[in-house]
Amino acid sequence: MRTFYKLSIHFILMAAATLSSGTAGAADQPTSACSTIASARDLLRCALERHPIIQQAMIGNQRASNAEGKASAFSNPEISTKTTYGKSLGDHLWTFEGSVDQKLEIGGKRSSRMEMARAEAERGTASLQEAREKAFLEIVHTLNRHRQIHEELEIIDEAISAFQRVQSLYKNRGRLSAEQEVSSEIFSLALGQHRLRRSKLISEKEGIKKRLTFILGQDLPVDEAYLPAFRKEWPELPDSSNDSFESSTIKLAKSDLKSAEAEWNAARAESWPDLTVGPVFQWDREGASDVYRYGFNLSLPLPLWNLNRSGRAYAEQGKNLAVADLEITRKMERTERAQLLEEYRSVTSIIGSLVNLKDLEKKHSRVERLFEQGLVSTSLYIEAHRQIQEYLATRNEEEHEATDALWKIYAIDGRMFEEALWTPTF
């Protein structure tokens, strides 16, 4: 009975320890950014965690981060032995020789490899930042376009509903005049055209949702609360960027320069031969007598035929090219930023004075009332609807250009991932 009691207590303690360790393990697991998507900010965080191009860049970055350990490794020593056996004047002769050889790189070969590995690691980090910037721009553009499609569908649905009401009026009148028949046919054509536009927008919307579902690896919320709002106020941007931050393009160019400098140092180091050193032991037996010898081995190739002059010249040209590329990249980014800033300011100054969606709906309702009162012709009524739709589509295009320019400038300034900038309007 006492044994059973001890076994029971032991079992209970083991079960409690297992449950507590399982609970602690679950608590230690990091919370995914995709667990809750209730806003555009949440969806963006999730996309930056799961986007395929970011996942690929993360693998490349992890691989590059291990390069320095590989480059810093020393070569393993080598053991060589030699044994001979023979006879002389009736005596047995036996010789054994063994040595341990260690290769020593001189001239800075190992340090050059480590510099190249560090440059590779920096390039992996910059490539990851570049992938995050591309994914960010894609998600922001996709979310804004998703919201724009809702607005355009609303206007088209109102037009379709209005055209259907007019057609119903014509059908209920029975006999129509020649002008009314022509008007009815025009409305039928306009109705078909609007239905085609609506079908195209629906297909675009479904494509966007499938793309987002693929990126996130999960279904989107049904309420679509993740859609951003239309940006009514646009931030003021400085004329020049802060030099303390750098874009991924500059970081990539800097890593290329470091890699080119490391290759140049490696080419200079190749002009120096490698030493091979190590102890030597020799044992000779002749008959009953033994002779032991100890020594030190040193081998050094003579640099008579190859001083790696061509390799040094080639590497130096590569370094000079990387220096020029970095300077050109800086100039191109300054030029691109100035162009984007000019475009951004030009577009945002116009967007601020454009009619908003509510005002468009008021104008739409007023046109319908005038048509119902017989004060507006059929062609003018249809043209008014078309103009409203084109106006909204043009405004959406301008909004996309301004948003794209804004976040590209933030990327050049190295500020894209400051969450203080992630307003609900994006």
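What follows is calculated from the coordinates using simple rules that are stated; it is not laboratory data. No experiment lies behind these values; they were computed from the predicted model shown. Positions of Cβ are generated from backbone atoms using ideal geometry, with glycine treated the same way; all protein chains shown enter the neighbour counts.
In table form, for the structure just shown:
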| item | result |
| --- | --- |
| Estimated 222 nm signal from helices in the chain, with DSSP H stretches of n ≥ 4 weighted -39500 (n - 2.57), rounded to 500 | -23000 deg cm²/dmol |
| Degrees, to the nearest 10: 378-412 long Cα axis against longest axis of the chain | 20 |
| Highest-MSF residue in the chain out of Thr403, Thr329, Thr394 [GNM, Cα springs under 10 Å] | Thr394 |
| Computed label-point distance, nm, for sites Leu201 and Arg386 using a 7 Å Cα→Cβ extension | 1.7 |
| Highest-MSF residue in the chain out of Ser247, Ser259, Ser299 [GNM, Cα springs under 10 Å] | Ser299 |
| Proximal charge balance of Ala315 [Cβ under 10 Å; K/R count +1, D/E count -1] | -1 |
| Förster radius 22 Å - calculated FRET efficiency between Ser80 and Ile106 (Cβ-Cβ, nearest 0.05) | 0.50 |
| Residues listed by number, segment 262-284, amide nitrogen under 15 Å from Ala313 label point at 7 Å toward C-beta | 268 |
| Rg ratio (alpha-carbon, reference 2.2 N^0.38 Å) - the chain | 1.73 |
| Footprinting exposure proxy for Asp256, Asp223 (fewest neighbouring C-beta atoms within 10 Å first) | Asp223, Asp256 |
| Residues of type aspartates and glutamates that Lys210 reaches as a straight line, Cα spacing below 20 Å, ignoring anything fewer than 8 places off in the same chain | Asp42, Glu49, Glu138, Glu151, Glu152, Asp219, Asp223, Glu224 |
| Set of lysines with alpha-carbon distance to Lys358 below 21 Å, sequence-local pairs under 8 removed | Lys232 |
| Sorted peptide list for 66-75, 405-414, criterion being average Cβ within 10 angstrom, highest first | 405-414, 66-75 |
| Percentage relative contact order, segment 46-417, counting C-alpha pairs under 8 Å, at least six apart | 24 |
| With Cα atoms, 0 to 90° folded angle of helix 2-28 axis to the chain main axis | 60 |
| Within straight-line cross-link reach of Lys103, lysines at Cα separation under 26 Å, skipping those fewer than 8 residues along the same chain | Lys70, Lys82 |
| Local electrostatic count, Leu201, Cβ distance below 13 Å [Lys/Arg +1, Asp/Glu -1] | +2 |
| Relative contact order for segment 105-252, counting Cα pairs under 8 Å that sit 6 or more residues apart, in percent | 42 |
| Computed E for Leu189/Glu327 - FRET, C-beta separation, R0 56 angstrom, nearest 0.05 | 0.40 |
| Pair Glu336, Thr394: separation of 7 Å Cα→Cβ label points (nm) | 3.0 |
| Most mobile of Thr335, Thr95, Thr125 in a GNM of the chain (Cα contacts under 10 Å) | Thr95 |
| 0 to 90° range, to nearest 10: angle between helix 52-65 axis and the chain longest Cα axis | 20 |
